[in-house]
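The values are calculated or read from the model by the stated rules, or taken from the named source; none is laboratory data. What you see is a predicted model, and the numbers here were worked out from it, not measured in a lab. Counting neighbours? That spans all protein chains shown, and the Cβs are built from the backbone with ideal geometry, glycine included.
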Amino acid sequence: MAKKRIGGRSAQLKMGETIAIMFIFFVLLIIGAVFYMNLQRTTTTREIAEAYELRAVELSQTISFLPEAQCTDSNVVRASCFDLYKLIGLSKVAETPAGLDLYSREFGTTTIKLLKMYPGESEWVLYDNQKEEFTAAPVSHIPIMLYNATSDKYYFGVLEITTYN
């Protein structure tokens, strides 16, 4: 009978060891899963930010191809140039309900500001169609060249594009 007791105790020890090993395995599995989830969340956040930046660049390209914003010299479009007075006129048109409706297909729920940085500082809202309830509104800044046709001078400006989601 003594041998059965010792064998029973040995089996209990082996069973305890197996349970301890399984416990450690599941703890390591949970730690790995938490690490993986955090890594995925970081990657997803980065991809979302990149998507907003890409959308901002697309919007700046859309604006650059609008006849209302292009610099022209004898009906020849200058590359990477925005006409300052045309953009100011665009901001006045986009303030009206008809103008907002006209540009909403291209710009969606965004706010686009023109910031003249040098020389002097000025700001105009080119388009403003905010979402009523939004969770985030990343802002992208895109440097541009502004042309003043009246004085035949170039200025440094920035398009500030806020995308609502």
task: Taking only region 52-99 into account, find how many residues are closer than 15 Å to Ile112 by Cβ, over 26 Å from the mean Cα position of the chain (by Cα) and of a type in the set (D, E, K, R).
output: 2
- prompt: Identify, please: which residue in region 125-155 is closer than 15 Å to Ser60 by Cα and among the hydrophobic types (A, V, I, L, M, F, W, C) and is, among those, nearest to the chain's Cα centre (by Cα)?
  reply: Val139
message: Residue pairs, Cβ under 6 Å, 6 or more apart or interchain, first in region 41-66 and touching a residue at least 12 places away in the same chain (Cβ under 8 Å), second part of a helix (DSSP H, G or I). List them.
response: Thr62/Glu106
task: Find the residue count for region 90-112, including only residues that are surrounded by fewer than 15 Cβ atoms within 10 Å (Cβ to Cβ) and not hydroxyl-bearing (Ser, Thr, Tyr).
output: 9
query: Among the residues of region 121-129, is there at least one that is of a type outside the set (Phe, Trp, Tyr), surrounded by 12 or more Cβ atoms within 10 Å (Cβ to Cβ), touching a helix residue (DSSP H, G or I) at 6+ places or on another chain (Cβ under 8 Å) and over 18 Å from Leu146 (Cβ atoms)?
result: yes
message: Condition (residue is surrounded by 12 or more Cβ atoms within 10 Å (Cβ to Cβ) and at pLDDT below 95) applied to region 25-46: is it met by at least one residue?
response: no
query: If you take the residues of region 151-165 that are modelled with pLDDT of 90 or more and of a type outside the set (A, V, I, L, M), which of them is surrounded by the fewest Cβ atoms within 10 Å (Cβ to Cβ)?
result: Ser151
- prompt: How many residues does region 47-82 contain that are modelled with pLDDT under 85, part of a helix (DSSP H, G or I) and more than 17 Å from Ile142 (Cα to Cα)?
  reply: 0
- prompt: Considering Ala98, Ala136, which residue is modelled with pLDDT of 90 or more, of a type in the set (Gly, Ala, Ser) and closer than 22 Å to Tyr164 by Cα?
  reply: Ala98
